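Take a look at the structure set out below.
The values are calculated or read from the model by the stated rules, or taken from the named source; none is laboratory data. It should be emphasised that the depicted structure is a prediction, and the values quoted were computed from it without experimental measurement. All Cβ positions, even for glycine, are placed from backbone atoms using ideal geometry, and neighbour counts span all protein chains on display.
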Amino acid sequence: MGAFGLGGYALVCAYFIAGSAVTKVKMKQKQAEGIAEARGGRRGPGSVWGSGAAGMLCAILALSAITPIPLDAWRLGFVASFCSKLSDTTASEIGKAYGKTTYMSTPPFKLVPRGTEGAVSLEGTIAGIAISAAFAALAMAVGQLRTIEGVGICVVAAFIATSFESMLGALVQGKRGFDWLTNDVVNIIQITLAAAIAIGLGAM
């Protein structure tokens with residue numbers, strides 16, 4: 001709120017509400033299949049960092065005098081980071097609930113069961129893109145994005161970062177020697193990448 005005002009704070013609240021709600025979609029079915037989020041979807045401290053670290057960094061840097069980057073650029077990164085995480089959560093949860101055909105996100109793109117780490121589905125991907133667009137539109141409505149181009153930049157940045165997160169999960173997460181690469185660490189990488197891409201595209 002100190003960096004981006006009430007509109008920025010409202011977006012964080014909207015992210016929390018939407019992300020929590022989508023986790024509950026067909027929860028009983030996902031629990032029966034063993035692919036539901038632990039603790040009924042309730043998140044711990046690690047998930048908070050995995051969702052908000054990049055947005056918080058953008059807010060801190062926006063308040064700092066040590067960077068020449070304008071405030072609107074940090075707003076763009078802030079919004080894109082939450083677009084990306086909400087898109088990722090939605091794609092995963094809708095894919096688990098409704099995905100009919102699920103592929104690994106890396107070659108040879110083999111068919112895998114729903115809920116497999118690094119897997120994607122058409123249903124989940126479409127839902128993820130749609131919710132990131134809706135969130136970016138909300139950001140414009142509350143004054144965090146100035147133009148429709150900003151909305152597009154956030155959606156593109158979110159899609160690229162979410163796709164990267166899926167590939168990273170498929171390639172190395174949980175593999176020998178990568179025990180440190182937990183889901184929360186992967187999420188921090190993802191949202192930081194989304195913010196960086198958005199800021200870079202906005203500067204072009």
* Assuming T162 fulfils every condition listed in (1) closer than 22 Å to A10 by Cβ; (2) of a type in the set (S, T, N, Q); (3) within 16 Å of the chain's Cα centre (by Cα) apart from one, which condition is it? -> (1)
* Asked: Among L86, L76, L57, which is surrounded by 17 or more Cβ atoms within 10 Å (Cβ to Cβ) and either at positive phi or in contact with a Cys (Cβ under 9 Å, 6 or more places away or on another chain) (or both)?
  -> L76
* Asked: In this structure, does Q173 turn out to be in contact with a helix residue (DSSP H, G or I) (Cβ under 7 Å, 6 or more places away or on another chain) and outside any helix (DSSP H, G or I)?
  -> yes
* **Selection from segment 98-113 of residues that are outside any loop (DSSP other than H, G, I, E, B) and surrounded by fewer than 16 Cβ atoms within 10 Å (Cβ to Cβ)** => L111
* Asked: Any idea which of G46, G52, G2 is surrounded by fewer than 18 Cβ atoms within 10 Å (Cβ to Cβ) and either more than 17 Å from the chain's Cα centre (by Cα) or at pLDDT 85 or above (or both)?
  -> G2
* To do: Identify the single condition in (1) out of contact with any helix residue (DSSP H, G or I) (no Cβ under 7 Å at 6 or more places or on another chain); (2) of a type in the set (G, A, S); (3) over 22 Å from V151 (Cα atoms) that G5 does not satisfy, given that it satisfies every other one.
  => (3)
* Go through (1) under 26 Å from A198 (Cα atoms); (2) crowded, with 17+ Cβ neighbours inside 10 Å; (3) without any contact (Cβ under 8 Å) to a residue 40 or more places away in the chain one by one and return the number of the condition A18 breaks. => (3)
* Residues being over 13 Å from the mean Cα position of the chain (by Cα) and farther than 18 Å from G52 by Cα - total across segment 165-204 -> 19
* Filtered residues of segment 114-130 (kept if touching a helix residue (DSSP H, G or I) at 6+ places or on another chain (Cβ under 6 Å), part of a loop (DSSP other than H, G, I, E, B) and not acidic (D, E)) -> R114, G115, G118
* Asked: Counting just the residues of segment 131-154 that are hydrophobic (A, V, I, L, M, F, W, C), in contact (Cβ under 8 Å) with a residue 40 or more places away in the chain and in a helix (DSSP H, G or I), which one comes out nearest to G99 (Cα to Cα)?
  -> I131
* Structure fact -> The lone condition A133 fails out of (1) in contact with an Asp or Glu (Cβ under 9 Å, 6 or more places away or on another chain); (2) surrounded by fewer than 22 Cβ atoms within 10 Å (Cβ to Cβ); (3) within 19 Å of F16 (Cα to Cα) is (1)
* To do: With respect to L168, determine if the residue is under 17 Å from V186 (Cβ atoms) and either surrounded by fewer than 23 Cβ atoms within 10 Å (Cβ to Cβ) or of a type outside the set (V, I, T) (or both).
  => yes
